[in-house]
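A short write-up of the structure that comes next.
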Amino acid sequence: MESEKDYHNIAVIPGDLNGITVTDAVLKLSEAISDKLKKPIKHTTFNYNADYFLEQGITELGEKELNELAKYDQIFLGAIGDPVKIKPGILELGIILKLRQSFDQYVNLRPIVLPEGVKSVLSDKTSKDINFEICRENSEGLYVGKGKVLNEGTEDETGIQEMICTYKGVKRLTEFAIERARERKRFEKPKIHFVFKTNVLTYAAVPWTRVLNEFREKYPDIEFLYMHIDNFMMQMVVAPEQFDVVVTENMFGDIATDLGAVLQGGIGSAVSGNINPFGTFPSMFEPIHGSVPKRWYEVSENGDYIPGTKNLEKINTVKPEAAFLSYSMMLEQIGETEAAKAMKEATLNNLRDPEYKDKTVTYLTEKASEFIKNFN
Ligand code: IPM
Ligand code: MN
């Protein structure tokens, strides 16, 4: 959503480890697009990360932080999580899920698009075959954080996690997907696959099936199809060319998009936008790779990360491309199409470098900046 102000007001949350490195790279690269912008961008950094949680003694962002972030047009997030400081799970729930839900970012848009000139792990597939989008439901499903543990510590211990799927939730997600499918023009008749597990999850499936049936009637210009999640995972590998836009439940989408990330060139270039389509709150754009602690700490025999074991060589070759592409997706969202395109093309140019793997983050950022300066 474009604001009335004469600048874009962007909140930046670098996070931890890799998140900080890729966010630094993004902020550097954003200088290169300044003359392609309709309005300048003002970045304000928020250090909501492991250290912040420890200092404040909190386990999730509270009113104070949410009210602050709500003032911004959009949020860019690097990656959170530092297992040496805080055990995994807390920051994920306390920052990422908290923001997705509090700001009603009900679509998690994850393009699975293999760039031209980049190899996929699928040896017989090219950029023509791998080109679809997953609209992951991002506010409910198995991710609502509802459940309980019964008889804890006894032989009868039982963990219960609820999957909540609402008619309104599935409907608004699919309405968003319809817009995407129409804009993509990948097939003559835009396609939307509903991906669920209606044969087993018979309660949660009811709204999915209802929306599918209703929308088939209501939108004859769209081809609606259905696939079970297990079959979908297989089809993504065997025949990805059949997909256009996919809508699916939160956790199914989480799992499927990691596979998607690998198909489109690797997790190092996979993008996601947590979108509030009405702009009632900021949307949030983040690479999907996480903070990658494995690059930052050696692992002991029993699998623990060892504090203070930074491996500089591994850190220098952190890849910023997913962050660049997420930022570019954000630019598109705020109507800065030209700058978005320049940033995207610069990133794809990096990915096409045959020696890409060994390049440092500094080199890749400079290379992308140069590319943008010469891009019209
Ligand atoms: C993702 C991540 C998150 C998720 C975690 C960090 C909460 O895996 O964005 O895919 O499960 O959604
Ligand atoms: Mn994930």
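The values are calculated or read from the model by the stated rules, or taken from the named source; none is laboratory data. Every value quoted in this text rests on a predicted model; they were computed, and no experiment measured them. Neighbour counts run over all protein chains shown; Cβ positions are idealised from the backbone, glycine included. Side chains included, ligands, DNA and RNA excluded: accessible areas come from the protein's heavy atoms. Shrake-Rupley method; radii C 1.70, N 1.55, O 1.52, S 1.80 Å.
Hull volume per residue, based on the alpha-carbon atoms of the stretch 223-376 and their convex hull, is 185 Å³.
Please work out whether the stretch 113-270 counts as rounded, prolate or oblate from its C-alpha gyration tensor, where a ≥ b ≥ c are the square roots of the eigenvalues and a/c under 1.5 means rounded, while otherwise a/b larger than b/c means prolate and anything else oblate? Since a/c reaches 1.5 but b/c is at least a/b, the shape of the stretch 113-270 is classed as oblate. Counting Lys and Arg as +1 and Asp and Glu as -1 over every other residue whose Cβ lies under 15 Å from the Cβ of Leu351, the net charge comes to +1. Surface exposure of the stretch 113-270, expressed per residue as accessible area with a 1.4 Å probe, stands at 50 Å². On a per residue basis, the convex hull of the C-alpha atoms belonging to the stretch 209-295 measures out at 146 Å³. Rg ratio for the stretch 67-145: its Cα radius of gyration over 2.2 N^0.38 Å, N being its residue count, equals 1.45. In the chain, the alpha-carbon atoms span a convex hull of 163 Å³ per residue.
In a reduced charge model with +1 at each Lys and Arg Cβ and -1 at each Asp and Glu Cβ, the chain shows a dipole moment near 860 debye about its Cα centre. Sequence-distant contacts, meaning Cα pairs under 8 Å at least 6 residues apart, place the relative contact order of the chain at 22 percent.
For Lys146, a cut-off of 26 angstrom between C-alpha atoms picks up these lysines, skipping any fewer than 8 places away in its own chain: Lys64, Lys87, Lys98, Lys168, Lys171, Lys197. For Lys294, the aspartates and glutamates whose Cα comes closer than 20 Å to its Cα, not counting residues fewer than 8 places off in the same chain, are Asp16, Asp24, Asp51, Asp82, Glu92, Asp258, Glu286, Asp304, Glu313, Glu321, Asp358. Tell me the carbon and sulfur percent of the accessible area for the stretch 113-270, rounded to whole percent, probe radius 1.4 Å. Carbon with sulfur: 52 percent of the solvent-accessible area. The alpha-carbon of Lys42 sits under 16 angstrom from the alpha-carbons of these lysines, leaving out residues fewer than 8 places away in its chain: Lys5, Lys28, Lys71. For the stretch 1-104, the ratio of Cα radius of gyration to the globular rule of thumb 2.2 N^0.38 Å stands at 1.13. Only DSSP H runs of four or more residues enter the estimate; each adds -39500 (n - 2.57), and after division by the residues of the chain the mean residue ellipticity at 222 nm equals -11000 deg cm²/dmol.
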